[in-house]
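The values are calculated or read from the model by the stated rules, or taken from the named source; none is laboratory data. Computed from a predicted model, the values in this text were never measured in an experiment. No Cβ is skipped: glycine too gets one built from the backbone with ideal geometry, and neighbour counts run over all protein chains shown. We work out accessible area using only protein heavy atoms, side chains counted, and drop any ligands, DNA or RNA first. Shrake-Rupley method; radii C 1.70, N 1.55, O 1.52, S 1.80 Å.
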Amino acid sequence: VGTVLQVGSSPYEIVGVAPEGIVGIDALGTSPDLWVPSMQRTRSDGGSLHDQWGSSWIYVFGRLQDDVTFGAAEASMAAVTQRLRESSDVNEDIRVLMAAGVGMSPEERAEGGRVVMLLSGIAALVLLLTCANVGNLFLTRATARVGEISVRQAIGASRGRLVRQLVTESVVLALVATAMAVPIVIGVSGVIPALFPFPMTVSVAPDASVFLFLLGVGVAAGVLFSAAPAWGVARQDVSKTLREGSTTGGRGRTRLRDGLVVGQLAVSLGLVSGAALLGRSVMNAGAADPGFNPDGVLVGALNLASTGRFDEPSSVEFQSRLLEELEAIPGVSSAGIGNQAPVLGGHARATVLPLEQADDPEAGYEAEYITVTPGYFETLEIPVVQGRGMGTPDEEPESVVVVNEALASLFWPDGNPVGQELQAQGVVRRVVGVVPDVQMRSLRTAARPAVYYPYHQVPELFLTVHLRAEGATSALVPGLRRAVANVDSDIPVLGVSDLREGLARSLSETRTFGMLVSVFAGLGVVQSLIRLYGLSSHGVSQRAREMGIRIALG
């Protein structure tokens, strides 16, 4: 406490130390190492970040009073939202998304809920398979005890008492199984965090509610899947059984047993098919054409805003000088700078609309917003299919843009987009080129309409550097850091990664989900195979006398 720490180019005095284990408000992802008052982070013009209307980065957290419900808080926030909309033209479409609790944004919470529901459904199917398997075993066990049950009935035992006895035996087995599952659950909870492709700052260790749920499911399964076999055996014809000495069970029990096996196989094959389709989807996503060539490309991120010294003109000068330094790195075949890297981050959107419909707000579209330097398209090997790409500041005195095919077909489906004009960033800009659709945000979703702006006409302070290597991309990392330091030594290079490897990591969540589904499907198939073996083995043992006679007869 009292020590001054340099963060970027700004000094901060340490006023406190948080307890170990405090991770802040994010349940998933990297936990912060330090906290800075947001009102002390200034823009390049010296203003506060809180005065920048139109930003969507702000998260607001409040603790409700004991007598205030979440619904009442939503109603109060609706009034605040209306006042925000009326306070500025920029805010007329503002939304305030509320979530009960912290840890995940409302969008993440909704997506996570869908994934959890799907995984829970699959787990329930596997539990159903297990219960069917156990029910089949109870049925076989009860059938083998037909003689014993008949004797008990003959000496006065009621059907209800016999059913209670058989169900009680099953419940005891279920309790033993539940007790044996407890250490497995504890062990699995220690493995789960390692399966996910991102750090987990919350504990997944089971608590009392988990064990109570486990106990309830175990007892319920024992009761439900033993009651039918027990009742079926208790309803048998006692005199016929004692007279014939039958231990094989009736046709009804055989049909029930066979039906359970068929149902198990059907559900298991359905799970396997789903896992195969999911695996194929992941493979297709990894092999699909993203609209650019990620092989041999190194990406790094720069944050000019962290210094507090850059404005729009100085940002343009920085990018121009940096581009010269990057192109001079040994082993670099081409270089380009943008405000975002495909899939990896820095994503932004801005509303654009055709000039002939500039007076109609409904004609606008929130397209991907990408600033690029000369060499950006060449470095990512994005071909220009119509018109031309971006030039240098001297070559581009006019306000121009390059659009992708999705935006061209949206605004000008029947005409040539080159030469058309659109309104973007408050300026009329002429379309000089068209490029293919690029998957900027995810390999799992279709590309959105996008607009590419010259870096000197729409300067940005958050930059991504793209280098195409003649050899291994790892060999360019020292040269990249050196090139940035030659221009400004206060700016660190963040998140350096090979673009191909980064795209593979972007699918890691889907692969993890596919792995979990595959594990569940595998468990279902193994159970079905075990039951098929058990059914065949039981059938053979019941026909041992018949087979002995057949062998004796030759």
Exercise. Have a look at GLY270, GLY291, GLY274, GLY222 and point out the one that is at pLDDT 65 or above, more than 30 Å from VAL176 (Cβ to Cβ) and buried (at least 20 other Cβ atoms within 10 Å of the Cβ).
Key: GLY291
Practice problem: Considering only segment 436-479, state which residues are open to solvent by 10 Å² or more (accessible area, probe 1.4 Å) and part of a helix (DSSP H, G or I). | Solution: THR473, SER474, ALA475, VAL477, PRO478
Exercise. Mind counting the residues in segment 59-75 that are open to solvent by less than 80 Å² (accessible area, probe 1.4 Å) and more than 25 Å from MET39 (Cα to Cα)?
Key: 6
Quiz item: Would you call SER189 within 30 Å of LEU507 (Cα to Cα) and not hydrophobic (A, V, I, L, M, F, W, C)?
Solution: yes
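Conditions tested, residue by residue: (1) open to solvent by 30 Å² or more (accessible area, probe 1.4 Å); (2) farther than 26 Å from LEU503 by Cα; (3) part of a loop (DSSP other than H, G, I, E, B).
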{"site": "ASP359", "(1), (2), (3)": "yes, yes, yes"}
{"site": "GLU362", "(1), (2), (3)": "yes, yes, no"}
{"site": "GLU368", "(1), (2), (3)": "no, no, no"}
{"site": "GLU378", "(1), (2), (3)": "yes, no, no"}
{"site": "GLU381", "(1), (2), (3)": "yes, no, yes"}
{"site": "GLY391", "(1), (2), (3)": "no, yes, yes"}
{"site": "GLU395", "(1), (2), (3)": "yes, yes, yes"}
Quiz item: Restricting attention to segment 511-531, and to residues there that are touching a residue at least 40 places away in the same chain (Cβ under 8 Å) and open to solvent by 60 Å² or more (accessible area, probe 1.4 Å), which single residue is nearest to LEU127 (Cα to Cα)?
Solution: LEU523
Quiz item: Is there a residue in segment 194-213 that is surrounded by 13 or more Cβ atoms within 10 Å (Cβ to Cβ), of a type in the set (A, V, I, L, M), closer than 30 Å to GLN153 by Cβ and touching a residue at least 24 places away in the same chain (Cβ under 8 Å)?
Solution: no
Self-check item: Hey, ARG257 surrounded by 14 or more Cβ atoms within 10 Å (Cβ to Cβ), at pLDDT below 75 and of a type in the set (Lys, Arg) or not
Solution: yes
